[in-house]
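K.L.:
Below is a structure I'd like to ask you about.
The values are calculated or read from the model by the stated rules, or taken from the named source; none is laboratory data. As the structure is a prediction and not an experimental result, all values here were calculated from the model. Heads up, the Cβs are rebuilt from the backbone with ideal geometry, glycines too, and the neighbour counts pull from every protein chain shown.
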C-alpha cells in the first residue's frame with residue numbers, strides 16, 4: 001500500500017512541508033559553512049589580521065553549532081513522525097456488531113435474540129435488565145445501558161469508542177467464581193448492551209425482602225457464606241487484577257445468588273463506563289458522598305453495610321433508622337450497640353437460638369463495625385477480611 005493510501009491529503013501536505021523545511025535548513029547551513037571557509041582561504045596570512053582570524057574562527061564554531069542543532073531538530077522531528085506513523089497503523093480497530101467472549105454465544109444468534117421480544121426483569125437509573133434466550137436454548141441476561149462514557153447528543157467520538165472497547169475487554173477478562181462474567185456486548189446508537197449469564201434466583205436484595213416478609217428462611221450459615229463469597233470477589237478485584245478494579249456500586253441489588261445461594265457480583269467496573277454510576281446510596285462510604293472519592297476502602301464500607309444487613313435483617317432505608325435511638329444509620333446503630341456491649345440486640349431474631357452461631361454472629365458484628373468506620377484508613381482491606389470471616393466458619 002502506498003503512502004498516499006495510508007495518510008489523508010492533509011497529512012501528505014504536512015510531510016511535504018516538513019521535508020522542504022529540512023532541505024532549506026540544511027542548504028542554509030552548508031552555504032554558511034562554505035562562505036566561511038572561502039573567506040578564510042582567500043584571506044592572506046598576516047599578523048595584523050589577528051582580529052579578522054578570530055572573527056572567522058567564531059564563524060566556524062557558529063556554523064558547526066548551527067549544523068548540530070539543525071541535525072538534532074531534524075532527527076527529533078523524524079522520530080516523532082515515525083512514532084506517530086507506528087501508532088497510527090497499530091491503533092485498536094473499532095469492532096462492529098456483537099463482540100463475543102464466550103464460545104456458547106454466537107454473534108448471529110445474539111443479534112437475533114436482541115431483536116426479538118424479551119422479558120423485562122427490572123430497571124435502574126443506569127438502564128434496564130432483560131431476560132432472553134438464544135437459539136441454542138441458552139438463557140442470558142441483557143443489561144441495556146442508556147448512557148455511557150463519551151456519549152453526546154447523537155454522536156460518540158472514535159477515541160471514546162476505543163476507550164469503551166478497551167474497558168469492556170478488561171471486564172471480559174475478569175474470571176472468578178463469585179463474579180458475573182461478561183459474555184458479550186453490543187454497541188448501539190443510543191447505548192450499550194452487556195450480556196451476562198442469567199441467574200434465576202435473583203439478587204440478595206430480593207432474597208432479604210422475602211426474608212423480612214417471612215416468605216423465606218435464610219440461616220446464618222447461608223448468610224455467612226454469602227458474605228465470604230462477596231469479600232473473596234473483592235479480594236480478587238483489589239489484589240489479583242492489574243490494574244486494580246473497583247466496584248464503586250456495591251449493594252445487595254448487585255449481589256446475585258445462584259440456586260446454592262452462592263453470590264456473584266454484578267456491575268463490576270462499570271463506573272468507568274457510566275458517568276451517572278457514581279450516585280450515592282445508603283451503601284456509599286462517607287468520602288464518596290462528601291467529595292466523590294473512590295478507593296478500595298470505599299468498597300469495604302459498602303461490604304460492611306451488606307454484612308450488617310445479613311446480620312440484622314434490616315433494610316438501611318427502614319424508617320427505624322430515622323429515629324434518634326438508631327443514630328440515623330445502620331452503621332452508627334451497630335457501633336452504638338457494640339460499644340454498649342449490647343450487640344446481640346441488633347441480630348435478626350430469626351437467627352437466634354444456637355450459642356455457637358451467636359458467638360460467630362457477635363464476632364461478625366465487630367467486623368462489620370470496623371468496616372463501617374468513617375475513616376478509610378481504619379477499615380481493613382479485603383485481603384485481611386477474607387481470613388477474618390473464613391475463620392468464623394469452615395469454608
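K.L.:
Here are some conditions: (1) under 17 Å from residue 312 (Cβ atoms); (2) out of contact with any strand residue (DSSP E or B) (no Cβ under 9 Å at 6 or more places or on another chain). Residue 240 meets all but one. Which one does it not meet?
P.N.:
(1)
For every residue, the table says whether it meets (1) under 23 Å from the mean Cα position of the chain (by Cα); (2) at pLDDT 95 or above; (3) surrounded by 16 or more Cβ atoms within 10 Å (Cβ to Cβ); (4) farther than 14 Å from residue 306 by Cα.
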site: 183; (1), (2), (3), (4): yes, no, yes, yes
site: 217; (1), (2), (3), (4): no, no, no, yes
site: 231; (1), (2), (3), (4): yes, yes, yes, no
site: 235; (1), (2), (3), (4): yes, yes, yes, yes
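K.L.:
Please verify whether segment 90-97 includes one or more residues that are under 30 Å from residue 182 (Cβ atoms) and either at pLDDT 65 or above or assigned to a helix (DSSP H, G or I) (or both).
P.N.:
Yes, segment 90-97 contains at least one residue that is under 30 Å from residue 182 (Cβ atoms) and either at pLDDT 65 or above or assigned to a helix (DSSP H, G or I) (or both).
K.L.:
Right, next: Residues in segment 187-204: is at least one at pLDDT 95 or above and closer than 29 Å to residue 377 by Cα?
P.N.:
Going through segment 187-204, the residues at pLDDT 95 or above turn out to be 204.
Filter once more, so that each one left must be closer than 29 Å to residue 377 by Cα: 204.
Checking segment 187-204: at least one residue is at pLDDT 95 or above and closer than 29 Å to residue 377 by Cα.
K.L.:
Moving on to the next point. Pull up segment 123-133, narrow it to residues that are modelled with pLDDT under 85 and on the phi < 0 side of the Ramachandran plot, then point me to the one that is surrounded by the fewest Cβ atoms within 10 Å (Cβ to Cβ).
P.N.:
125
Let's see how each residue does on (1) at positive phi; (2) outside any strand (DSSP E or B):
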site	(1), (2)
161	no, yes
168	no, yes
171	no, yes
186	no, no
196	no, no
201	no, yes
211	no, yes
214	yes, yes
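K.L.:
Moving to a separate point now. For residues that are within 23 Å of residue 329 (Cα to Cα) and in contact with a helix residue (DSSP H, G or I) (Cβ under 6 Å, 6 or more places away or on another chain), tally how many sit in segment 349-360.
P.N.:
1
K.L.:
Regarding residue 222, is this residue part of a helix (DSSP H, G or I) and surrounded by fewer than 23 Cβ atoms within 10 Å (Cβ to Cβ)?
P.N.:
It is true that residue 222 is part of a helix (DSSP H, G or I) and surrounded by fewer than 23 Cβ atoms within 10 Å (Cβ to Cβ).
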